[in-house]
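Reviewing the structure listed below.
The values are calculated or read from the model by the stated rules, or taken from the named source; none is laboratory data. Keep in mind the model is a prediction, meaning the values are calculated, not measured. Neighbour counts run over all protein chains shown; Cβ positions are idealised from the backbone, glycine included. Surface areas here come from the heavy atoms of the whole protein model, side chains and all, with no ligands, DNA or RNA. Shrake-Rupley method; radii C 1.70, N 1.55, O 1.52, S 1.80 Å.
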Amino acid sequence: LPLRWYGLMYLVAFFVAYLLVRVQVREQKLQVSKDDLLNLFFWGIVGLLVGARLFAVTIYDPSGYYLRNPLQIILPVSLSGGKLEFTGLAGMSYHGGLLGAVVAMVIFLRVKKLSIPEWGDMIVTGSALGYTFGRLGNFINGELYGRITTAGWGMIFPLAERFPASEAWVQETAAKAGLDITGLSSVNLPRHPSQLYEAFFEGIVLWALLWFGFRKRKAFAGQMLAAYVMGYGFFRFLIEFVREPDVDIGFP
């Protein structure tokens, strides 16, 4: 079985978030069993994976491939040339994962009669740092890269779209970026490493603000939830200006 970096980063993210929530539980001296905490994360992970996968194969797949091949939604293998090929579950949606995790955890907390705002505060404060590792997985895979740039830190991603070297704008961009495209028919131009921007600002910076800034000064239950949503939305809004839009959206 091949190593899947994105899947490995998911595991690291879950583990980091779990440890940080445990720290907060001890700090607040909450009377909750270790089994309940583990079960909360178990169902949260299940909800996240189900939601992320369902959104990816419906909303983010306008081709209808998965509707024609429904088993590919849940099976990590495909039949190619009469042989089984391990493909993994390619395609996960952040928005679907967030919705799935929220639904699963809210149901669990209600069943256990635990405060949803209090626990929500602890979960987002821990999971913000875990988000960093998911974006690092995207970077290692060379996916979800940014727009073309001539900045000195621009990077060439092997899976990015190539452009005809004969076009004037391609030649001009390559020259500004210091690329020699002599003799090439197509060019892979440098792009913003937007995955690293997101890992840093939506992960490390946002987590640091929540953990060291808001956590000790929380005035009411649910404040961390509100701060996380506003902080994530703010950073994501800014970074979207340099991120390459998804092909199916139809933006240039």
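Here are a few things to note about the model shown:
- For R53, the conditions (1) at pLDDT 90 or above; (2) open to solvent by less than 40 Å² (accessible area, probe 1.4 Å) are fulfilled apart from (1).
- Here the condition is being more than 15 Å from the chain's Cα centre (by Cα) and open to solvent by less than 60 Å² (accessible area, probe 1.4 Å); of A165, A199, it holds for A165 alone.
- Filtering R236, R215 for residues that are charged (D, E, K, R) and over 15 Å from the mean Cα position of the chain (by Cα) leaves a single hit, R215.
- Tabulated pairs, the stretch 157-185, first under 22 Å from G142 (Cα atoms), second basic (K, R), C-beta under 8 angstrom, 6+ apart or interchain: F157/R191; A160/R191
- So A221, is it over 18 Å from the mean Cα position of the chain (by Cα) and without any contact (Cβ under 8 Å) to a residue 24 or more places away in the chain: no
- Members of the stretch 214-229 found to be surrounded by fewer than 11 Cβ atoms within 10 Å (Cβ to Cβ) and either part of a helix (DSSP H, G or I) or in contact with a Lys or Arg (Cβ under 7 Å, 6 or more places away or on another chain) (or both), listed by number: K216, R217
- Scan of the stretch 10-36 for residues that are touching a Phe, Trp or Tyr at 6+ places or on another chain (Cβ under 8 Å) and surrounded by fewer than 18 Cβ atoms within 10 Å (Cβ to Cβ), ordered by number: V12
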